[in-house]
1. Is one or more of the residues making up segment 101-112 surrounded by fewer than 16 Cβ atoms within 10 Å (Cβ to Cβ), under 18 Å from the mean Cα position of the chain (by Cα), modelled with pLDDT under 85 and small (Gly, Ala, Ser)?
2. Among the residues of segment 1-20, count how many are over 18 Å from residue 103 (Cβ atoms) and either open to solvent by less than 90 Å² (accessible area, probe 1.4 Å) or outside any loop (DSSP other than H, G, I, E, B) (or both).
3. Identify, by number, the condition in (1) modelled with pLDDT of 85 or more; (2) open to solvent by less than 50 Å² (accessible area, probe 1.4 Å) that residue 75 doesn't meet.
4. Quick one: in segment 126-145, of everything that is of a type in the set (A, V, I, L, M, F, W, C) and open to solvent by 100 Å² or more (accessible area, probe 1.4 Å), which residue is farthest from residue 63 (Cα to Cα)?
5. Can you tell me which residue is nearest to the chain's Cα centre (by Cα) among those in segment 16-75 that are among the hydroxyl-bearing types (Ser, Thr, Tyr) and within 12 Å of residue 4 (Cβ to Cβ)?
6. Anything in segment 113-125 that is outside any helix (DSSP H, G or I) and open to solvent by 40 Å² or more (accessible area, probe 1.4 Å)? List them, or say none.
7. Within segment 27-59, track down each residue that is open to solvent by 60 Å² or more (accessible area, probe 1.4 Å) and free of Cβ contacts under 8 Å to residues at least 12 places away in the same chain.
8. Just checking, which of 54, 81, 60 is at pLDDT 85 or above, of a type in the set (Gly, Ala, Ser) and under 19 Å from residue 113 (Cα atoms)?
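The values are calculated or read from the model by the stated rules, or taken from the named source; none is laboratory data. Predicted model only: the values in this text are computed from it and were never measured. Please note: Cβ atoms are built from the backbone with ideal geometry, for glycine as well, and neighbour counts cover all protein chains shown. Ligands, DNA and RNA are excluded from the accessible area calculation, which covers all protein heavy atoms including side chains. Shrake-Rupley method; radii C 1.70, N 1.55, O 1.52, S 1.80 Å.
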Amino acid sequence: MKMAGIDVHKKVLMVVVVDTSVPEEKPVRRRFVTLPSELQRFRIWLQEQGVEEAVMESTAQYWRSVWLELEPHMSLHLAQAFSNRAPRGRKHDFKDAERLVRRLMADELILSFVPKGEQRIWRSLTRMKVQLTRDRVRLQNQMECLLEEMRIKLSIVVSNLLGASGLRMLWRKAKLTPRGWQSWEMNGCTARRNNWWML
C-alpha cells in the first residue's frame, strides 16, 4: 500500500509518497500549488501513484481545501502539528511530509477527529444559528441601553422589531401572496398612522 504525507502551506503543498511494503526505498516527492485547478491535478497524480491513504498537518485553515478534494477518493488522517515536530525545531518541508508518514506508520502521531461531510454541514448550520441569535440579542440590548441612556422611551419598539412579535410579522409577510402583501401594507400603514401615539 502507498501512503502520502502532505506538508500544507498557504500557497504550496509538499507531497511525499511512501510505499509501506518497502519503506526503506526513497520516497517520491512533488510540489503543488494550492489553486483549485492545481488541487485537482494533485488528486489525479496521487491516484496515478496508487495512494490509498494520506496524512497532513492541521495547519491553520489551509488543510480544509486539500481535505475536501481528497476525501471522496482515499482514507485521510489529520495530525496535530505538535506531534510532528522536527528534532530541535529544524524545518524542512519534504522531510516534514515524510516524517508524517513514518510517524503514522509507527502510531506516534496525535490525530484530530474530522467528522463526515454531512455532519460538518449540520454543525456549521447549528453554530451559525446560535451565533445569529446571539448577535440579534446583543444588538437589541445595545439599542435598548442606548435609548434608556438618552431617556427615550422607545424600548418597546425595539422589542417589537427584534423580539418574537417582530419575527411573527416577518414570518406572516413571507407567507403572503402579492395581493395579500398589498392589503397587509395598506392596513398596516393606516394602523400605524392612527396609533403612533401609543408607542
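1. yes
2. Adding up the residues that qualify gives 3.
3. (2)
4. Here the residue is 132.
5. Filtering segment 16-75 for residues that are among the hydroxyl-bearing types (Ser, Thr, Tyr) and within 12 Å of residue 4 (Cβ to Cβ), the one nearest to the chain's Cα centre (by Cα) comes out as 75.
6. Correct list: 113, 116.
7. Residues satisfying the conditions are 35, 37, 41, 44, 48.
8. 54
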